[in-house]
Amino acid sequence: MALVYRARDLYLNRTVAIKILREQLTSDEEFVSRFRREAQAVASLSHNNIVSIYDVGHVNNIYYLVMEMVEGQNLKKIIKEKGPLPLERAVDIAKQICDALEHAHEHQIIHRDIKPHNIIITNGGVVKVTDFGIARAVSTATVTHTGNIMGSVHYFSPEQARGEIADERSDIYSLGVVIYEMLTGELPFDGESPISIALKKIQNDPVSPRQLNSEISEALEKVILLAMDKDPHKRFQTVAELRENLLSAHLYNRLEKDYSERVSEDTIILPKLPNRTERRGEKVAPSLKLPFQVWTWVIGVLIVLGFMLGMYLSATVMAREEATVPDVRMKTAEEAQAELSKNGLILEVNKTVNHPTIEEGLIVSQTPKPEEIVRKSTKVLVTVSEGPLLVEVPEVVRSQVSSAEITLSNLGLETTITRVYDKESTEGEVVRQVPEAGTEVAQGSVVELFVSKGAQPVWIQMPRLVGLTLAEAKELLSEYNLTLEVVQPEVSYRYEKGIVIRQDPGPDSEILQGAVVNLVVSSGPGLFGE
């Protein structure tokens, strides 16, 4: 649909991605409309897990988007290279996709094309969802027209394949397929043509994920299959619900509630109708009335006792099984392990990342979050800082300041500029840098550039040139580092030909070294001429 270029924003001095609609499509109003819709959809979103859009427009029939430049790989390439991903990493990626989709759904925007190709994993492990090219606001028409199905057939939902209305649950289905592929390395449905794949998706059930990867727990398999249920009413109804159950299945091998008896919206359970005698208000036979009242009281007392017993067990027995997660951020792994052990929890280092401000060995983030209530023996996954990413400061002395700033910015370094006088360099040239070239510093550090303003100006007293020959005046001006610009001849009865009769600036005035001097020189007596 579009070509993507890496570019530099010269005004803001940052690297961006420019997406340009392919030339052969600019005459197609539908594609142009879809391209504009992508800009409108993403521009209304602001989330760390969604690729930002900075600008949109068109020039000479060239339609473009200026977007955030994301350094990393798309999820499809990662799955192909590494096969099934580790459970912790797959769940972390899925959770971040859930966060992105939840933000979009809150703004009534459905992605409609969730697939690994549209999910970029940055070098720091952050998930970025991109390409809202076929996303539409819920308030507008969302019917996928027959013969013009957008998205990839492997990932879109059965209702999209049937040409029905797509809603938030369609994104949930597609995300379920992505999770399936991350954990098994295979697609749930495949075939020789898009039609055969779509028919399998509508008619068949996917192969059990646990048959392909025995490390998948029973609860996690239930989450995947519920997200991929052919009936939208039987799926998770919101992305938040999917995320909660995904984390619960991964951490505790259980779902948040029992979904086995979920009733379709098409099924209506009617209340029991009173019999004819009760409707007429007739009295019940006396022989049945008394036993009925006794059993009512017995049942009521049992319910109250059961409730009180449950409250007691919750406050005593169950409380011993739970623990509050402490805040272990900004601590070392050893300190965190000691603190978690006091609460009956287990520390597990999930991954390590470079961080510009947090020292090496300190914990950057944790899951579950601080103050959450969890069962004892729960694993607390932490991300540990490897310290800032070190880069070598390049040599930028004798470069123009604009070129030096770009060179340093490309390495993730900031700059400050100090203007200085330097007679050996031209204006705008870098004469010194701190730190010096070859020094290793953390990414994000500041390099101070000392930039030349040219030679330092010197105030001097203008010499007297009147009465000197033009040759003598030129020699004296050269000694004082002054520049002769205009020599104007003038008839004079007082001075001989070639003698300076006036000067500008005047004698003894204060001027800058290097200033321009103009002279009026006698052309001889006027009566005789030349």
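Checking Lys351 against (1) at pLDDT below 90; (2) in contact with a Ser or Thr (Cβ under 7 Å, 6 or more places away or on another chain); (3) not in a strand (DSSP E or B), which test does it fail?
With (1) at pLDDT below 90; (2) in contact with a Ser or Thr (Cβ under 7 Å, 6 or more places away or on another chain); (3) not in a strand (DSSP E or B) applied to Lys351, the lone miss is (3).
Determine whether Gln456 is loosely packed, with under 15 Cβ neighbours inside 10 Å and either at pLDDT below 90 or among the aromatic types (Phe, Trp, Tyr) (or both).
Values: loosely packed, with under 15 Cβ neighbours inside 10 Å: yes; either at pLDDT below 90 or among the aromatic types (Phe, Trp, Tyr) (or both): yes.
When the stated conditions are applied, Gln456 passes them.
Which is closer than 28 Å to Ser377 by Cα and over 28 Å from the mean Cα position of the chain (by Cα), of Arg243, Arg210?
Selected residue: Arg210, the only one of Arg243, Arg210 that is closer than 28 Å to Ser377 by Cα and over 28 Å from the mean Cα position of the chain (by Cα).
Can we say Pro116 is farther than 17 Å from Val4 by Cα and in contact with a Gly (Cβ under 6 Å, 6 or more places away or on another chain)? Explain how you work it out, then say what you get.
Working: farther than 17 Å from Val4 by Cα: yes; in contact with a Gly (Cβ under 6 Å, 6 or more places away or on another chain): no.
No, not satisfied.
Give me the pairs, please: first residue somewhere in the stretch 181-210 and closer than 19 Å to Glu164 by Cβ and without any contact (Cβ under 8 Å) to a residue 40 or more places away in the chain, second residue anywhere and assigned to a helix (DSSP H, G or I) and among the basic types (Lys, Arg), beta-carbon distance under 8 Å, and either six or more positions apart or on two chains.
Phe189/Lys200; Phe189/Lys201
Where residues in the stretch 18-42 are under 21 Å from the mean Cα position of the chain (by Cα) and modelled with pLDDT of 75 or more, which of them is surrounded by the most Cβ atoms within 10 Å (Cβ to Cβ)?
Ranking the qualifying residues of the stretch 18-42, first place goes to Lys19.
Condition test on Ile50, is it surrounded by fewer than 16 Cβ atoms within 10 Å (Cβ to Cβ), outside the structural domain of Ala227 (by TED's automatic domain parsing) and either under 14 Å from the mean Cα position of the chain (by Cα) or not charged (D, E, K, R) (or both)? Lay out the reasoning, then the answer.
Values: surrounded by fewer than 16 Cβ atoms within 10 Å (Cβ to Cβ): no; outside the structural domain of Ala227 (by TED's automatic domain parsing): yes; either under 14 Å from the mean Cα position of the chain (by Cα) or not charged (D, E, K, R) (or both): yes.
Judged against the criteria, Ile50 is not a match.
For the stretch 188-228, what are the residues that are acidic (Asp, Glu) and either part of a helix (DSSP H, G or I) or crowded, with 20+ Cβ neighbours inside 10 Å (or both)?
Scanning the stretch 188-228 gives Glu218, Glu221.
For the stretch 379-398: of the residues being crowded, with 19+ Cβ neighbours inside 10 Å and not in a strand (DSSP E or B), which is farthest from the chain's Cα centre (by Cα)?
Checked the stretch 379-398; the qualifying residue farthest from the chain's Cα centre (by Cα) is Val396.
Failed condition for Asp9, given (1) exposed (fewer than 14 other Cβ atoms within 10 Å of the Cβ); (2) not basic (Lys, Arg); (3) not assigned by TED's automatic domain parsing to the domain that holds Val126, with all others met?
Among (1) exposed (fewer than 14 other Cβ atoms within 10 Å of the Cβ); (2) not basic (Lys, Arg); (3) not assigned by TED's automatic domain parsing to the domain that holds Val126, Asp9 violates only (1).
Yes or no: Glu485 within 26 Å of Tyr421 (Cβ to Cβ), surrounded by fewer than 17 Cβ atoms within 10 Å (Cβ to Cβ) and in contact with a strand residue (DSSP E or B) (Cβ under 8 Å, 6 or more places away or on another chain)?
Spelling it out, Glu485 is indeed within 26 Å of Tyr421 (Cβ to Cβ), surrounded by fewer than 17 Cβ atoms within 10 Å (Cβ to Cβ) and in contact with a strand residue (DSSP E or B) (Cβ under 8 Å, 6 or more places away or on another chain).
Ile195 fails exactly one of the following numbered conditions: (1) farther than 22 Å from Arg37 by Cα; (2) at pLDDT 90 or above; (3) among the β-branched types (Val, Ile, Thr). What is the number of that condition?
(2)
The values are calculated or read from the model by the stated rules, or taken from the named source; none is laboratory data. The shown structure was predicted, so the numbers you read here are calculated from the model rather than taken from an experiment. Glycine also receives a Cβ, built like all others from the backbone with ideal geometry; neighbour counts cover every protein chain displayed.
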